[in-house]
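Participant: Take this structure first; my questions come after.
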Amino acid sequence: MNLYNKILKKPWPYWVGGILLGVLNIILLASTGKAWKITTGFVYWGAHILEKLGFEPASWYYFTVYTNELDAGRNFINNYYTVINVAIILGSLIAALLASEFKLKKIKNKKQLFWGLLGGFIMGYGSRLSFGCNIGAYFSAIPSFSVHGWVYAIFMFVGAYIGSKILYKYIL
């Protein structure tokens, strides 16, 4: 039981988490030949919904130029990114359940809900403008010696600083 508590109940040091994420990222890249990306999968899920509503996103510029998933005979749901995203969601759920940290929380007020949704929308939109979230545009970019990862890191930290100041002054 002590090992269970040490591994699942108590927080790990940041350096252990960093090393594990780095090793897992290397394994993912070596086994699939693709970098770890998250928001691309969400774009595909949105395109799948639009496809069901009668639109033809597969013919849109973004999907014809920036993706080869559809060329490989896959669709917006049956692709590498969906598998990775579902694995992350299920893995996070399992980890939270094993650590007894899963909780459904009541939304405190409508202002909190509004700002949370607006912030999520802005983050999602920004992640697509930069062709990735902090995982694809930062975490997978810097180890592959891409300059855009360092540029992204600078502006991510500046944005986090400004956002925390706004959060503290107007919301908390």
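Participant: What spacing in nm lies between the two simple spin-label points modelled at A160 and L93, each 7 Å away from Cα in the Cβ direction?
Facilitator: 2.8
Participant: Arranged by the count of other C-beta atoms within 10 angstrom, fewest first, what order do V23, V65, V43 take?
Facilitator: V65, V23, V43
Participant: So what's the back-of-envelope 222 nm ellipticity for the chain, counting only DSSP H runs of four-plus at -39500 (n - 2.57) apiece and dividing by all residues, rounded to 500?
Facilitator: Estimated from H runs of four or more residues: -18500 deg cm²/dmol.
Participant: How large is ³J(HN,Hα) for each residue in region 87-102, as worked out from phi by the Karplus curve 6.51 cos²θ - 1.76 cosθ + 1.60 (θ = phi - 60°), to whole Hz, x for Gly and Pro?
Facilitator: 5, 5, 5, 5, x, 5, 4, 4, 4, 5, 5, 5, 8, 6, 10, 7
Participant: For the residue pair N78 and I171, what label-to-label distance in nm results when each label sits 7 Å from Cα along the Cα-to-beta-carbon direction?
Facilitator: Calculated label separation equals 4.0 nm.
Participant: Now for a separate question. At 7 Å along Cα-to-Cβ for each site, give me the label-to-label distance between L21 and N2 in nm.
Facilitator: Roughly 3.1 nm, to one decimal.
Participant: Once the cut-off is 17 Å, how many percent of the Cα-Cα pairs in region 105-172 end up in the long-distance tail?
Facilitator: Details: 1179 of 2278 pairs.
In whole percent, the share of Cα-Cα pairs in region 105-172 beyond 17 Å is 52.
Participant: Could I ask something else about it? How do T40, T32, T82 rank when sorted from fewest to most other Cβ atoms within 10 Å of their own Cβ?
Facilitator: The fewest-first ordering by Cβ neighbours comes to T32, T82, T40.
Participant: Stretched out fully, how many nm does the piece from E101 to V147 gain, at 0.36 nm a residue minus the Cα gap? Don't skip to the end; give the middle numbers.
Facilitator: Numbers: separation 46, 0.36 × 46 = 16.56 nm, distance 3.75 nm.
Result for the pair: 12.8 nm of gain on full extension.
Participant: Here are some values of log10 I(q)/I(0) by the Debye sum over Cα atoms at q = 0.10, 0.11, 0.17 Å⁻¹: (1) -0.53, -0.64, -1.39; (2) -0.48, -0.56, -1.07; (3) -0.42, -0.51, -1.21. Which one was computed from this structure?
Facilitator: After the calculation, the listed value that fits is (1).
Participant: Here's something else I'd like to know. Where Lys and Arg each count +1 and Asp and Glu each count -1, what net charge lies around L3 among other residues with Cβ under 14 Å from its Cβ?
Facilitator: The answer is +3.
Participant: Among the listed pairs K108/K165; K9/K103; K111/K169; K6/K34; K6/K103; K108/K169, give every one whose C-alpha distance is greater than 23 Å. Before the final figure, lay out each step's value.
Facilitator: Details: K108/K165 21 Å; K9/K103 15 Å; K111/K169 14 Å; K6/K34 33 Å; K6/K103 21 Å; K108/K169 18 Å.
Violating the 23 Å limit, Cα to Cα: K6/K34.
Participant: Further, regarding this structure: Which ³J(HN,Hα) values in Hz, rounded to whole numbers, follow from the phi angles of region 117-123 under the Karplus curve 6.51 cos²θ - 1.76 cosθ + 1.60, where θ = phi - 60° and Gly and Pro get x?
Facilitator: Each residue's phi maps through the Karplus curve to give 5, 4, x, x, 5, 5, 5 Hz.
Participant: So if I place +1 on the C-beta of Lys and Arg and -1 on the C-beta of Asp and Glu, and nothing else carries charge, what would the dipole magnitude of the chain be about its Cα centre? I want it in debye, nearest 20.
Facilitator: I would put it at about 1000 debye.
Participant: Further question: Which far-off residues, 5 or more places away or on another chain, put their amide H under 5 Å from the one on I142, with H placed in the peptide plane?
Facilitator: For I142, whose amide H was placed from the backbone, there are no distant partners under 5 Å.
Computed from the coordinates by the stated procedures, all read-outs in this text should not be read as laboratory data. Keep in mind that this is a model prediction, so the values were computed, not measured. Cβ coordinates were reconstructed from backbone atoms using ideal geometry, including for glycine residues, and neighbour counts include every protein chain displayed.
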